[in-house]
Amino acid sequence: RLMLGTIVEITCQDRAAIRSAFEEIKKIEAIANNFNPDSEISRLNAAGRIQASPDLFNMVRESLKYYRLSEGAFDITVGPLAGIWKEKIREAQNKSRGLTLPTESQIRKALSLVGSDKISLDESTFSIVFTQSGMSIDLGGYAKGYAVDKAILRLKESGVRSALVNAGGNVYCLGKKGSRKWRIGVRHPRKPAEIVFYLDLENQGAATSGDYEQFFILDKKRYSHIINPKTGYPVDNNISSVTIIAPDAATSDGLSTTVFVLGKEKGLELAGKMDGVEVKIIEN
Ligand code: ADP
Ligand code: MG
């Protein structure tokens, strides 16, 4: 199915369980889709505050954990910047000439709205409040992994013991595929037809963040959809893809974006402190 702005694929032998797992993913999409003005996240972004659903609250709370762990490299308040750069990527897909970068003042203005320390959470009421007006959040670096875990939970509740859920490269492998582990191929960031390595997974999540699906090139320079919240510009650190294996899909999603922004040295240092986490980085 087309969901969460990508292709979501569920492999398992129980059709009814698959249908119910897709329902779960649809629920997360209805919460986290920035392009739907009626989604919960859009309502939060418009009003600057909300009495959140448990799932939105969880996603924001977990994202703040990565914000702190990464000293600000992972920051869902990149919303205004992500908006500017995603618009440019769309523009680049529609025209081959005359493309310009966002102006410095545009970037500066958006940057002044960034900083997850300006999100205030109340655990007792599930309220989320932005302490500066004009801020907006973007859960694009976390929601797909979170949705995969919710789908897996639903599959387990239906008695399923072997399944693969894949939301645009954010996967979880439940149990084994027959007598072997699930085998996941990761694409070469510069040669789309080539697999660079395989992951053999069992009860593990994995995700890849890359600069090769959403990007544009201007004056021989590549601009991707992963933003450095300190500069306001797409990350530019010689990395073309980061793959994370983790105990769950949400962790692998959040961490893949985080390590991509942090860069090799700091990224490996952070991931090395986390249990059950493996990192594979491909440099340019
Ligand atoms: P994909 O969206 O291709 O799965 P990622 O998981 O790496 O890739 O997430 C990238 C998305 O995360 C961007 O499209 C944007 O919505 C959001 N994002 C961009 N930069 C950051 C950042 N520094 N911190 C948190 N989220 C980010
Ligand atoms: Mg991610």
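Since every read-out is calculated from the coordinates, none of them should be taken as a lab result. Just so we're clear, the structure is a prediction, and the values are computed from it rather than from any experiment. Cβ: placed from backbone, ideal geometry, glycine included. Neighbour counts: every protein chain shown.
The set of residues in the range 196-224 that are assigned to a strand (DSSP E or B) and not hydrophobic (A, V, I, L, M, F, W, C) comprises 198, 200, 204, 205, 208, 209, 210, 221, 222, 223, 224. Selection of the range 201-247 for residues being within 13 Å of ligand 2 (Cβ to nearest atom) and within 30 Å of residue 180 (Cα to Cα) yields 205, 206, 207, 208, 209, 210, 241, 242, 243, 244, 246. For first residues located in the range 246-275 and touching a residue at least 40 places away in the same chain (Cβ under 8 Å) and under 22 Å from residue 140 (Cα atoms), partners that are of a type in the set (Ser, Thr, Tyr) and more than 13 Å from ligand 1 (Cβ to nearest atom) and lie 6+ apart or on another chain with Cβ distances below 9 Å form the pairs 248/172; 249/172; 252/172. Residues in the range 124-171 that are crowded, with 17+ Cβ neighbours inside 10 Å, among the charged types (D, E, K, R) and away from ligand 1 (no atom under 16 Å from the Cβ) were compared, and the one that is nearest to residue 65 (Cα to Cα) is 150.
Apart from one condition, residue 111 fits all of (1) under 30 Å from residue 273 (Cβ atoms); (2) out of contact with any Lys or Arg (no Cβ under 9 Å at 6 or more places or on another chain); (3) more than 16 Å from ligand 2 (Cβ to nearest atom); the exception is (2).
Considering only residues that are part of a loop (DSSP other than H, G, I, E, B) and not acidic (Asp, Glu), look in the range 5-28 and name the one that is nearest to residue 168 (Cα to Cα). Applying the filter and picking the extreme gives 5. Evaluation of residue 184 against the conditions (1) farther than 27 Å from residue 73 by Cα; (2) in a loop (DSSP other than H, G, I, E, B); (3) among the aliphatic types (A, V, I, L, M); (4) within 16 Å of ligand 1 (Cβ to nearest atom) shows that the sole unmet condition is (2). Contact annotation: residue pairs with Cβ atoms under 9 Å, 6 or more positions apart or on different chains, pairing a residue in the range 34-50 that is closer than 12 Å to residue 128 by Cα with a partner that is buried (at least 17 other Cβ atoms within 10 Å of the Cβ) and acidic (Asp, Glu), are 40/55; 41/138; 45/138; 50/40.
The residue that is nearest to ligand 2 (Cβ to nearest atom), among those in the range 248-279 that are farther than 24 Å from residue 151 by Cβ and in a loop (DSSP other than H, G, I, E, B), is 263.
For every residue, the table says whether it meets (1) among the acidic types (Asp, Glu); (2) under 16 Å from the mean Cα position of the chain (by Cα); (3) within 24 Å of residue 251 (Cα to Cα); (4) surrounded by 14 or more Cβ atoms within 10 Å (Cβ to Cβ).
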site: 53; (1), (2), (3), (4): no, no, yes, yes
site: 72; (1), (2), (3), (4): no, yes, yes, yes
site: 81; (1), (2), (3), (4): no, yes, yes, yes
site: 90; (1), (2), (3), (4): no, no, no, no
site: 99; (1), (2), (3), (4): no, no, no, yes
site: 105; (1), (2), (3), (4): no, no, no, no
